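The values are calculated or read from the model by the stated rules, or taken from the named source; none is laboratory data. Just so you know, these numbers come straight off a predicted model, no measurement behind them. Every residue, glycine among them, receives a Cβ derived from its backbone with ideal geometry; neighbour counts consider all protein chains shown.
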Amino acid sequence: MDDTKREWVRSWLVKAHSDLRSARALLALDEPVTDTAAYHCQQAAERRR
């Protein structure tokens, strides 16, 4: 894999990690925001395929 492709993959994995962190934060609220958390989980799964 060339460096350009490696960096592109790394950036997508960073975004997936950020999506999962957002989902966890939304679920940890006193009143969880489940629909938006589910959206972020879906985005993370799409990025990690």
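Tabulated data
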quantity: Any hit, region 27-49, residues being exposed (fewer than 11 other Cβ atoms within 10 Å of the Cβ), modelled with pLDDT of 95 or more, part of a helix (DSSP H, G or I) and over 8 Å from the mean Cα position of the chain (by Cα); calculated: yes
quantity: Pair list, Cβ < 6 Å and 6+ apart or interchain, from region 12-26 residues that are closer than 16 Å to Thr36 by Cβ and assigned to a helix (DSSP H, G or I) to residues that are of a type in the set (Val, Ile, Thr) and at pLDDT 95 or above; calculated: Leu26/Val33; Leu26/Thr36
quantity: In region 10-25, residue surrounded by the fewest Cβ atoms within 10 Å (Cβ to Cβ) [restricted to those that are of a type outside the set (Ser, Thr, Tyr) and over 16 Å from Ala45 (Cβ atoms)]; calculated: Arg10
